[in-house]
Structure formats: C-alpha cells, structure tokens
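Before any comments, here is the structure.
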2 protein chains.
Amino acid sequence: MLRTHTCGELRKENIGETVELSGWVQRIRDKGSLIWIDLRDRYGITQLIIEGDKADPKLLSTVKSLGREYVIGVKGTVIERVSKNSNIPTGDIEISPENIHIHNASETPPFTIDDDTDGGEDLRMKYRYIDLRRNAVKEKLLLRHTLARLTRAYLDGQQFIEVETPVLIKSTPEGARDFVVPSRMNKGEFYALPQSPQTFKQLLMVSGFDRYYQIVKCFRDEDLRADRQPEFTQIDCEMSFVTQEDILNTFEGLTKSLFKEVKNIELPDFPRMSYDDAMRQYGSDKPDIRFEMKFIDLSEAGKGHGFNVFDQSEVILGICVKGCAEYTRKQIDSITDWVKRPQIGAKGMVYVKFNEDGSVKSSVDKFYNEETLSEWGKIGSTEKGDLMLILSGDKGATQKALGELRLYMADLLELRNPNEFKPLWVVDFPMLEWDEETARFYAMHHPFTSPKPEDLPLLESNPGAIRANAYDLVINGVEIGGGSIRIHDRNVQEKVYHPWFY
Amino acid sequence: MLRTHTCGELRKENIGETVELSGWVQRIRDKGSLIWIDLRDRYGITQLIIEGDKADPKLLSTVKSLGREYVIGVKGTVIERVSKNSNIPTGDIEISPENIHIHNASETPPFTIDDDTDGGEDLRMKYRYIDLRRNAVKEKLLLRHTLARLTRAYLDGQQFIEVETPVLIKSTPEGARDFVVPSRMNKGEFYALPQSPQTFKQLLMVSGFDRYYQIVKCFRDEDLRADRQPEFTQIDCEMSFVTQEDILNTFEGLTKSLFKEVKNIELPDFPRMSYDDAMRQYGSDKPDIRFEMKFIDLSEAGKGHGFNVFDQSEVILGICVKGCAEYTRKQIDSITDWVKRPQIGAKGMVYVKFNEDGSVKSSVDKFYNEETLSEWGKIGSTEKGDLMLILSGDKGATQKALGELRLYMADLLELRNPNEFKPLWVVDFPMLEWDEETARFYAMHHPFTSPKPEDLPLLESNPGAIRANAYDLVINGVEIGGGSIRIHDRNVQEKVYHPWFY
C-alpha cells in the first residue's frame, strides 16, 4: 500500500506514530514560516504542517512546487495540533512530513473542489471526473451504494433471490421505444435492450422461483426529462402466491427500513388512497400530501349565474390558498400567466378573495354576488384572509391544471418541506384508459394486470370503470414505484384480451 | 398470501395445524384407496394424502383431475406420516386436504422435472422456464445469488463501494468487437455497449473513490464458445494507492471467503508462479496444478542422433505419464490421432515406454539406443512402468500442444478431481506480445498496464522481455480473474506508447 492510513483515520491516539498517507492536495496556506497543506482522500482530510525555515530544503522545494489537486504521498510523524479543529474528525492532529512524493502533478482544476464550487453545470459535466471529487456529488454515489446494499439485505432477508436477466433480448414492447442492437450473426435482425425484465421475471415465477428481485438497468429510447433517462435503474421484483396486500406490506417494509437506516426516520404506516380520490382531491395520481389544499368542487354552485365560461364547463374546481387574500393584482396576474402557459394549458383563472374585513371580492363580481361567493367559501371551508383560485373546463384537463397550480402555490408558500416525508399508496388504478386519438382503450399498466374480480362484469358495459389490482407508491408527489397483481388465470386473461383492445 | 407455509417448512411440531400450501404437482401415486400427491415449491416438497374411499366426492374429483405440474392451492390438516421419509425435511408429516383449488392446469410437460430428466438439451432450452423448475438448474441460480451476496458483503467490508457505470457508452476498443446501438437522436451515430467498465472505473479512481467494485454485465460481439458469451457478468474492481501485493491479498481473501462460506473449504495460501515458469512447465498460462506431469525438456538430449524431426525442432518436450508403459499400440495411436487434430496441431508424437522389466522401447528406436532413451528417462525422473510422450517443433506451438496433451492424459487417468480445488496466481505476464501477422507488438493486457520498473530499460533492446505488473487467478486450469497495476505516471505512459505500438 502507498499508505498506512487514510486521510480520515488519524486521531489523538496516533500521536508520535510514523505514518504514510496518499491523497489530493485540497488547499495550501503558505505563511512563509509555516505552511499548511490539507490532504484529501475519500475518507477525509488530514492537515500537514511544514516549518518553512526549519524544513529540509529538498522537502521544502517539493512543497513549494505543489498546487491544488496534486496527488502526493507523504511520510511523516503524527503530532498534536496547537489549534485544534473540531469540525473534522482528524482535527486534533497534523502530520509533520519527513518526505513528500508527487505521485502526479495536476493542472489548475477548472473549478474549485468545494461544496459550493465556482464551476457551472456545463463545466462540471465536461470534467465529471473532477466534479465527482466534490463531497456533494461523492456523497450521492455513496448513498446510492448504501441504498442498494440495504435493499438487497432487506429482500435477501425476505427470501427473495436476485436473478440476472439478459440484456440482449427479443423486443417486448412496453409503451416506449426500444433501443435496438444489430446482430452480426443474423444480418438484418436486431436485439432489443430491455425496457424492463417483465417477461423474464414472469417466466421465473412460472419456473417456481417464488420471490425474485434485481437491481437492474432498463432502457427506453425516449426524449430526456428530469425524471426520465434513456438508461435507468430499477429495483425490480416479483412474488408468487400473494395478494396485493402482501406486496404493499413487503415494499412498505422495504421503504420504512431504508428511511430508518439511512435517515433514522421512523415512518408511520402509509395511508392509502384510491386513484379516484387522488384525482378528485388533488388532480394527480401522485399527490403530494405534505400539505392539504384539496380541490373544492364548485361545479354545481358555479353554474346558472350567467357566467358563460363556468356554465359551459364540465367541472369548476378551486383551491383555497390560506392567508393570501392580500395578494396584489400583479401577483395574481403572474399566477394567471403561469396557468395559461402551454405546459399547464388553462384558458384563464378566477379568484375570490375572502378578505380579513369580511368582504369578499372576486374577478367575476359581475356575475356572482357576495352571497354566492360566500357560499363557495363555505363549500371550501375558507376562512377570512384566504384566497380561492378557480379553474374550469373539461374534467381531466382542469384536474391536471389545478393539480399543477396546487403544487405551484405550495412551492410559493414553502409548504413542501424537503425534510418531511409523506409516503402514500395510490390504489385501485383503472385497468384501462381511453385514448382520444385512436378512439380505443389501452391497458393503463399492461394487459396482464388483473382486474378486481367484482369489476369484471363491467367488461361489456363500462370498461373504463374497471379497477385493477394496480398500485403506485408515491412520496411527496413523486412516484417511487408501482406494480400490479398479474392475471394467472387463462380464462380471465382471455376475457381481458377483449376486442376493444384491437 | 395464498399459503400459510411453504412446501419446505412443515415439521412434526406442526401436526394438528390447519395450513394452506401452494405449489406444483410433482407426482401423483394413486392406489385407489390411498392417493399421494407430492406438492413442490422452491423450498421443498410436502406430501398430500387423500383416502380414496372416504374423501369428499368434490375433493376426490378435483384430485382425479390433477396432472403433473398443475399449480394448486391446498387447505388441510398436518398429520403424522405412517411411514416417514428421512430423505426430505418434511418427511415426518403429510397433509390431509379438506380443499384443493386448481390455480392453473398444465399440459403434460415436455420432459420430467427431475434431476435426471428425460429431456434433451434442445428441448430443455426451448422450454427453459420448465427446465428452471429442475433442482439441478434452480440450484445454480440460487448459488449465483449466494455468490453475488457474499462477494458484495466481502467487498463492502473492505470499504469498496459499488458504482453503476453507464451501458450506452462511447466505443472503447478492448480487443473484441463492440455491440453498437444506433442513436435515434443523432442520425448516423452509435452508442457502444461496454466490453468492460474499464474507462469508468479508472475515472472513478481519478475522482478519488479509492475502492470501486461492480457486479456488471459486459458485452463482446464474439462467436460463442463454452467460456465465452456475447453478454457476461464480471466482478469488476479497482483500487487506488496499492501495490500488486495488496490486490493479490484482497482477491485471494475474497476467493477464500467464498470457498469457505459456500463449500466450507478452507483454502491454504495460493501459490504463485511466473508466466515464464507456467509456460515452461505446463505449456499454459493457466496450468491445472491438481496433478504434476510437468514438461521434460529434451531439446538438448534429443538432438544429434540423426532424427531429422527432432534435429530441426526448436524444442523437444515430453511428459511422463505414470504407470502407462503397457499402453497398446492402439491406445497410443489414438493419442497420436488426438494430437494431430487441427485444434491441437501436432505433426506427430514420439513415445518412450519404460517397461516394468527394465527394458526401454520407443517409436524412434531406429535413431536412439536404449542408453540414450534411459538418459531421457533420467532427465524426466521416470520410473519403471511409465510412458513418456514427446512433441517437438516451434517453442510456442509445441508448448501449447503438449499442454493440451497433458490435460487430455490427466482426463484419461482421472487425475482432475472435480472436488479438489487448487488456486494459483500466475504473475509477471509479459507486457507485450508479438503478432506474427502484423509483425508488431501488442499490449498483452492493455497499454495502461504498468511494466516492472526494473524491466523498463528493455523498451529499446528487448521489448518482448518486459514483464508487467499483471496477474491472473487460475483455479484447476480455469482463468477465474486477472488484472494489473495501471500506469499512473505520465512519463512511464509516454514511454510505453512507444513507436512499435503503431
């Protein structure tokens, strides 16, 4: 080894020992008579101290030649620091070097290796191998390793076995575009990269493996988004002879155990919400329930007062923004502009201010008197000082837009505390979703998802209303995972392969 | 859960309990008055017993409809077996079912789900999901899971961290052909699938991750061989600030720990052998050292007796096959035929029999008298009753052919005990190998492999003699792993990028 210890290891107890360290020069402070060098490796930082007027000239000349990010090896004695640094675990000691060897010189790095670096994103991506030296980035990879380790430990403990499935496979469409790999052996033919190990894990169940998992790369040739990359990793699982309840318990257990071990947070049992309730109350199948601001349904109360926009809307939905009645015209205009952006797609927004003085003022005073508006307030349980924001139109689009607005307002009001974690099971997803463009139903999850047995009779009469044994795990408005109970019965599968699929 | 217990779980202590099991029908024995069903899942086999003349007619009719590999759920009472089966852990009990539910019927399987199946390889590959139900195959996947688990535990314990590296990468030639993936975003451009995470792990070291590992898929577009598939998995590692000695110790430790935990075998410290010694003594850089049969060098003793074949050979090499002097002409002819196959490529073979009666007889008696042949025997430390087999020709080709013959003879004599494990480090690999076709040197490992510092001066005079800090781990003649110390010094790297590389 080119070291006897790491840079995070030495303590008071080591004082007097001769040690060897290797690492990167993080910082040099040269006061002439005293020179300090912070030596860094993955494990920490250890300070070296050189007495400028007493040091061996050869050592001193090496020290003088050093720059940031030089990689060096040091042999020296552990001594007690005069002024200790309680911020770092090695802060009680420093090294008085007798020899410094330059493993490798470094050019001046393109940005500083600090938590608050001076490097912009482009620069940091270009020099990714240097960016990875920063604690903030390094810690993310270490966390990922820890999460993988704990996930495997939990699943191993539950008798899951990890099975590696092939990467060069036959195309199995999953809704996204496949990456393809031309075959040299079979001209004109292609492998596909797996969008998920779906087929393989079901075959493993057919083979009797009972409980399978894999931390596995998946590939989808889709355009980049913040939460979507062409290659991504998932914790892939499958269980035999279980009900939905068993699955929810197993993976709620995994999630709790990860939060406990990594963040020392004891999560209470996860609430469950039906897809219908989620859409109705939050306009989203992945609601952030760290804050309330549930939808207020004004579809009845808003109609019949001569306001055409509302009268012609399928739904009229509002949210109550607590304590914001005093928003200025400018603030409200800015919110209106936000909801009218094409990404959100609202045509306009109505507000009602429930002022502290008891008066009620809205952008539709022409159509609604104070009594009617106060009625709306009652429906929404508003209080004095609250602001109600209202969107209307087609049900799906309005739910979605108001759901976005709800999150936007919560961000403005800092209601989304990043240190608070509110997991939620969303259950009873519809089995099918209607596609306007092709005017047909598609499987919302996949066509092997089992319907709730009691909903099966709806196959002919109202397929859109069939609920599936499908569920998502949502934390703070982010979909963390999801799955379904597969159909194992040939008869049910044949029924589900219904003509409206084709 | 569709069960209260697995099929491997119930014991005497459970007698009297009402339980539910789910699994596959392994076997049905119908004696009319008594029907036994072996129910199988991943965890074991539990016997069901139905009294043909007392059972509920509905239950009996279900039982009568069952066939092999039906998937069923059973509810019943645990009872004590009359005749116990000590071969299986559940052999003390059986289940008296009150209800059997058919989860899924099965067609007659194309082969039996037994350790000794009646299915040929093609059939088993076609119905892989059924073949995976067989213990022999299932155990292999379970073992693989265990090995991965133990490997991670060992490396985690040594402060390695597992980092996932990308799969869609820029081509980094490694000697084999890349699989390529056309990019939809950038017409005419391609990703490559990694032949190994080589570049990424070195970048991780540059980033200061210090100890990296990954159990990772690699891809090489090569023709299939028994030990070579287009996609394969390796335990990929990299360490910073270490010497070759540290690496050997770390991975010798890993290997020992796997043998101990999986097979309860305590391996002694692994011997080390230089590449030169391995080639000279065994004609292979991955010698099987479970048996001796080292090469006997007759290059001097064999020449100058008028036997043109030997006189014109670069080397004359033999092996002593213990106790086989009585091989018949037919046996020896068959061996000669074997070495003359194109895969081995010898032009012929000479034998010398050191008979029990003290006489010596060879296939080249015309050129060598008994005295000379006895001299050869002394060089090879042969004893009465031994057979010496000799090949000659160019050094490399002869070493290789005789190495193959050595393994062939050991197989014939059953000297390669599959339950014996003899690991070996082969060290001091040459840095370069000469390619006749292109008449130039190539890096034997890769051009970042560090040369032994003391050999660096040979760069100009005798590059083929430069030894590298490169090593392979060999067990029983199979290369299990290998690696090298990378060059970290720019000057050395520039020297190694020598003109003879281009």
Candidates B:V167, B:V216 - the one that is in a loop (DSSP other than H, G, I, E, B), surrounded by 21 or more Cβ atoms within 10 Å (Cβ to Cβ) and hydrophobic (A, V, I, L, M, F, W, C): B:V167
Contacts under 8 angstrom Cβ, first residue in segment B:109-135 being part of a helix (DSSP H, G or I), partner open to solvent by 70 Å² or more (accessible area, probe 1.4 Å) and not aliphatic (A, V, I, L, M), 6 or more apart: B:N135/B:D115
Restricting attention to segment B:376-397, which residues are among the acidic types (D, E) and either buried (at least 17 other Cβ atoms within 10 Å of the Cβ) or touching a Phe, Trp or Tyr at 6+ places or on another chain (Cβ under 9 Å) (or both)? B:E383, B:D386
Can you find a residue that is open to solvent by 50 Å² or more (accessible area, probe 1.4 Å), farther than 30 Å from B:T250 by Cβ and within 14 Å of chain B (Cβ to nearest Cβ) anywhere in segment A:97-107? yes
Residue pairs qualifying under the 8 Å Cβ cut-off, at least six apart or on distinct chains, with the first in segment A:441-463 being under 19 Å from A:R490 (Cα atoms) and the second being open to solvent by 70 Å² or more (accessible area, probe 1.4 Å) and among the hydroxyl-bearing types (S, T, Y), are A:P447/A:Y497
Within segment A:264-278, track down each residue that is open to solvent by less than 40 Å² (accessible area, probe 1.4 Å) and either of a type in the set (A, V, I, L, M) or under 28 Å from A:T146 (Cα atoms) (or both). A:L267, A:F270, A:M273, A:A278
If A:G76 satisfies every condition in (1) farther than 30 Å from B:L248 by Cα; (2) away from every other protein chain (no Cβ under 14 Å) but one, which is the exception? (1)
I'm trying to understand the selection: among the residues of segment A:330-356, which are open to solvent by 70 Å² or more (accessible area, probe 1.4 Å), among the charged types (D, E, K, R) and at pLDDT 95 or above? A:K330, A:D337, A:K340, A:R341, A:E356
Return yes or no: is B:T4 more than 14 Å from chain A (Cβ to nearest Cβ), open to solvent by 20 Å² or more (accessible area, probe 1.4 Å), β-branched (V, I, T) and closer than 26 Å to A:S240 by Cα? no
Selection status of B:D178, of a type outside the set (F, W, Y), assigned to a loop (DSSP other than H, G, I, E, B) and open to solvent by less than 60 Å² (accessible area, probe 1.4 Å): yes
Out of A:I480, A:I466, A:I475, A:I487, I need the residue that is within 15 Å of A:D428 (Cβ to Cβ) and in contact (Cβ under 8 Å) with a residue 24 or more places away in the chain. Which one? A:I466
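For (1) open to solvent by less than 30 Å² (accessible area, probe 1.4 Å); (2) out of contact with any helix residue (DSSP H, G or I) (no Cβ under 6 Å at 6 or more places or on another chain); (3) acidic (D, E), each residue gets a yes or a no:
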site	(1), (2), (3)
A:P418	no, yes, no
A:E437	no, yes, yes
A:H445	no, yes, no
A:T449	yes, yes, no
A:D455	yes, yes, yes
A:R467	no, no, no
A:L473	yes, yes, no
Would you say B:R68 is more than 12 Å from every other protein chain (Cβ to nearest Cβ), in a strand (DSSP E or B), at pLDDT 95 or above and in contact with a strand residue (DSSP E or B) (Cβ under 9 Å, 6 or more places away or on another chain)? no
Inside segment A:124-176, the number of residues satisfying the requirement of being more than 8 Å from chain B (Cβ to nearest Cβ) and touching a Pro at 6+ places or on another chain (Cβ under 6 Å) is 3
Which residue, of A:E94, A:E121, is modelled with pLDDT under 95 and away from chain B (no Cβ under 14 Å)? A:E121
For segment A:292-309, state whether one or more residues are loosely packed, with under 14 Cβ neighbours inside 10 Å and either in contact (Cβ under 8 Å) with a residue 60 or more places away in the chain or within 14 Å of chain B (Cβ to nearest Cβ) (or both). yes
Is one or more of the residues making up segment A:159-169 in contact (Cβ under 8 Å) with a residue 24 or more places away in the chain, touching a helix residue (DSSP H, G or I) at 6+ places or on another chain (Cβ under 6 Å) and acidic (D, E)? yes
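Could you please find all residues in segment A:136-146 being open to solvent by less than 60 Å² (accessible area, probe 1.4 Å), touching a residue at least 40 places away in the same chain (Cβ under 8 Å) and touching a helix residue (DSSP H, G or I) at 6+ places or on another chain (Cβ under 8 Å)?
A:T146
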Quick check on segment A:420-435: of everything there that is in a loop (DSSP other than H, G, I, E, B) and among the hydrophobic types (A, V, I, L, M, F, W, C), which residue is surrounded by the most Cβ atoms within 10 Å (Cβ to Cβ)? A:M431
Sort out which residues of segment A:224-235 are within 8 Å of chain B (Cβ to nearest Cβ) and either surrounded by 21 or more Cβ atoms within 10 Å (Cβ to Cβ) or farther than 27 Å from A:E252 by Cβ (or both), and write them in order of number. A:P230, A:E231
Hey, any hits in segment A:187-204 for a residue that's open to solvent by 10 Å² or more (accessible area, probe 1.4 Å), hydrophobic (A, V, I, L, M, F, W, C), at the interface with another protein chain (Cβ under 10 Å from one of its Cβ atoms) and in contact with a Lys or Arg (Cβ under 9 Å, 6 or more places away or on another chain)? yes
I'd like the full set of residues that are open to solvent by 70 Å² or more (accessible area, probe 1.4 Å) and under 31 Å from the mean Cα position of the chain (by Cα), limited to segment B:108-122. B:D115, B:D116, B:D118, B:E121, B:D122
So how many residues does segment B:18-45 have that are away from chain A (no Cβ under 14 Å) and over 22 Å from A:D246 (Cα atoms)? 11
Would a scan of segment A:310-321 turn up a residue that is under 30 Å from A:E420 (Cα atoms), of a type in the set (A, V, I, L, M), open to solvent by less than 30 Å² (accessible area, probe 1.4 Å) and part of a helix (DSSP H, G or I)? no
When you go through B:E252, B:E245, B:E261 one by one, which is the residue that is of a type in the set (D, E), out of contact with any Ser or Thr (no Cβ under 7 Å at 6 or more places or on another chain), open to solvent by 50 Å² or more (accessible area, probe 1.4 Å) and closer than 30 Å to A:V71 by Cβ? B:E245
Residues in segment B:16-64 that are among the β-branched types (V, I, T) and outside any strand (DSSP E or B): how many? 2
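The values are calculated or read from the model by the stated rules, or taken from the named source; none is laboratory data. Values in this document were obtained by computation on a predicted structure and should not be read as measured data. In this analysis, Cβ positions are derived from the backbone assuming ideal geometry, glycine residues included, and neighbour counts consider all displayed protein chains. Side chains are part of the model used for accessible areas, which takes the heavy atoms of the whole protein and leaves out ligands, DNA and RNA. Shrake-Rupley method; radii C 1.70, N 1.55, O 1.52, S 1.80 Å.
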